[in-house]
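Asks: Quick one: the structure is below, questions incoming.
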Amino acid sequence: MKKQMICISCPIGCMLDVEYEGKELISVTGYSCPRGKTYAETEISNPQRVITSTVKLEGGKHPVVSVKSNAPIDKALIFDCMKEINKVTVKAPVKIGDVVLPNVLGTGVDIVATSEDSGNE
Ligand code: SF4
C-alpha cells in the first residue's frame with residue numbers, strides 16, 4: 001500500500017511518500033533528514049503522539065490547567081488516556097512540570113502540568 005504523510009518531527013513538514021505492507025515499511029522518499037525516515041517507520045509500525053489537554057483545577061485563578069504527556073503514547077491508547085485525564089482534578093497551587101497523573105494506563109508515561117497557577121488567595 002502507498003500513502004502520503006507529513007513529517008511532524010520539525011516545522012519544515014516534509015511530505016513523505018510511503019510504501020508499506022501491514023506494519024512493514026517498504027520504502028519512503030521525500031525526507032530531508034534521517035528523522036523523516038524514522039518518523040515514517042514509527043508511523044507504520046507503532047504510531048505515537050504526545051497528548052496535550054487540560055485538567056480541572058480547584059482553588060485556582062483559572063478553572064483548568066494545561067497538561068501534556070511527558071513522552072509520546074501509542075496512538076491506539078490516546079482515546080483511553082483522554083478519558084483518564086478527564087477524570088483528574090488538581091488543587092492549586094500548580095507548577096509547570098507537576099505530575100497530575102502518573103503512569104497513565106500503565107504506560108510509564110506521566111501527564112504533567114504545562115502551565116502554573118498559584119491559586120486565588
Ligand atoms: S524529514 Fe527532517 S527536515 Fe523534513 S520535516 Fe522531518 S525532521 Fe524536518
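Computed from the coordinates by the stated procedures, all read-outs in this text should not be read as laboratory data. Small disclaimer: the values here were computed from a predicted structure and weren't measured. Heads up, the Cβs are rebuilt from the backbone with ideal geometry, glycines too, and the neighbour counts pull from every protein chain shown.
Asks: If only one of Lys56, Lys3, Lys68, Lys75 is away from the ligand (no atom under 15 Å from the Cβ), touching a residue at least 12 places away in the same chain (Cβ under 8 Å) and touching a Lys or Arg at 6+ places or on another chain (Cβ under 6 Å), which one is it?
Replies: Values: Lys56 fails: touching a Lys or Arg at 6+ places or on another chain (Cβ under 6 Å); Lys3 fails: touching a Lys or Arg at 6+ places or on another chain (Cβ under 6 Å); Lys68 fails: touching a Lys or Arg at 6+ places or on another chain (Cβ under 6 Å).
Step by step, each of Lys56, Lys3, Lys68, Lys75 is checked, and only Lys75 is away from the ligand (no atom under 15 Å from the Cβ), touching a residue at least 12 places away in the same chain (Cβ under 8 Å) and touching a Lys or Arg at 6+ places or on another chain (Cβ under 6 Å).
Asks: Out of everything in segment 21-51 that is under 23 Å from Ile78 (Cβ atoms) and of a type in the set (A, V, I, L, M, F, W, C), what residue ends up being surrounded by the most Cβ atoms within 10 Å (Cβ to Cβ)?
Replies: It comes out as Ala40.
Asks: Quick one: Ile44 ticks every box in (1) farther than 21 Å from Leu16 by Cβ; (2) within 16 Å of the ligand (Cβ to nearest atom); (3) β-branched (Val, Ile, Thr) except a single one, so which number is it?
Replies: Status for Ile44: all satisfied but (1).
Asks: Just name the residue that is surrounded by the fewest Cβ atoms within 10 Å (Cβ to Cβ) out of those in segment 5-20 that are under 15 Å from Pro47 (Cα atoms) and not aliphatic (A, V, I, L, M).
Replies: Ser9
Asks: Name the residues in segment 76-121 that are hydrophobic (A, V, I, L, M, F, W, C) and assigned to a strand (DSSP E or B), would you?
Replies: Answer for segment 76-121, where residues must be hydrophobic (A, V, I, L, M, F, W, C) and assigned to a strand (DSSP E or B): Val90, Val94, Val99, Val100, Leu101, Ile111, Val112, Ala113.
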